[in-house]
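*Asks:* Here it is, the structure, as structure tokens.
Derivation of every value follows stated rules applied to the coordinates shown; laboratory data play no part. This structure is a prediction, so every number in the text was calculated from the model and none was measured.
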Amino acid sequence: MIRRRYACAYEEGPRQQGATPALLRWGRPMIAPVTVLACAVTQEPVLALTYDDGPDPQTTPAVLDALAAGGAQATFFVLAEQAQAHPQVLRRIVADGHELALHGWDHRRLTTLPFAEAMGSIRRARRVVEDLVGVRLRLFRPAYGAQTMAMAVATRALGLDVVLWSAWARDWTAEPTDVLLERAAGAAHPGGILLLHDAAAGVGGGMGSLTGSTAVAAPIFDRGALTAGLLEQLSARGYRFETVSGLRSVAPAGRMLWAERRREPG
């Protein structure tokens, strides 16, 4: 199913999923290459936890420990330069049974780069991460969710499905753990893809393009405690946890049109 801006209510929690507009339904074959996976279409209490910007030896292990203690699997969208610097943490993600996905080479906004350079960085990043762990990557989340229409089509041609999110903790800001936990737990909804971070590679550039604000300095919260608290609270509400691929296997995909124009750097 294809929505227009369905996934933009990132802190709304459970929400109604109306019928796909006729224009999007009829035009699906043409617009499918520029849609992104945003959620699953279900009222069952199932959710995908996703983590961006790692691996980081200072913060990722605590997240992995919390997931292991809670018996949950998640999807990690990794940066290739981080993976190359910390291959042991990358390999633990895979060894613990989590899904590995690509977040790019570094945290630059791809829409500030020429098309050829942006796509070259995606191909290079994928090759490096796959060579480190011997796992084929099938999912990609661009930094800041930023892609042009041409990049969306080219990324799909590489065999990578673009994944965004439908809920978040806003955990790139310097707020206490309990504040972020309340926000993330409140944002969770059936079929949701929850955006979290196991590292702070993107902090400083922040998500200002999406929120209208600029991210502050390094977060002060405990990433492992945030994950542990989420698992406890959401499990008590009857939620079970899937990887992104697992979520797609249990419910129809909720897809969304998502692209922006190329920007000048700076």
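*Asks:* Which cross-chain or sequence-distant (5 or more) residues have an amide H under 5 Å from the amide H of residue 198, H modelled 1.01 Å from N in plane?
*Replies:* Here 52, 54 satisfy the definition.
*Asks:* Let me ask something additional. Report, in cubic angstrom per residue, the convex hull volume of the C-alpha atoms of region 46-98. List each step's numbers first, then the result.
*Replies:* Values: hull volume 3.5 nm³, N = 53.
Considering the Cα atoms of region 46-98, their hull volume per residue is 65 Å³.
*Asks:* Taking one equal scatterer on every alpha-carbon of region 16-168, how large is log10 of I(q)/I(0) by Debye at q = 0.13, 0.14, 0.20 1/Å?
*Replies:* -0.64, -0.73, -1.27
*Asks:* Please work out the C-alpha center-to-center distance from region 111-155 to region 26-101 and express it in whole Å.
*Replies:* The two parts, judged by their Cα centres, are 15 Å apart.
*Asks:* Per residue of region 90-98, in order, report the coupling 6.51 cos²θ - 1.76 cosθ + 1.60 (Karplus, θ = phi - 60°) as ³J(HN,Hα) in whole Hz, putting x for Gly and Pro.
*Replies:* 4, 5, 5, 3, 5, 4, 7, x, 7
*Asks:* Under 1.5 on a/c is rounded, so check that first for region 101-152, then, if it is not, pick prolate when a/b is larger than b/c and oblate when it is not; a ≥ b ≥ c are the square roots of the alpha carbon gyration tensor eigenvalues.
*Replies:* Prolate shape, in that a/c is at least 1.5 and a/b is the bigger ratio.
*Asks:* Right, another one. Report the per residue volume, in Å³, of the convex hull enclosing the C-alpha atoms of region 119-180.
*Replies:* 126
*Asks:* Using 0.36 nm per residue, how much length does the chain from residue 249 to residue 232 gain when fully extended, once their Cα-Cα distance is taken away?
*Replies:* Length gained between residue 249 and residue 232: 3.7 nm.
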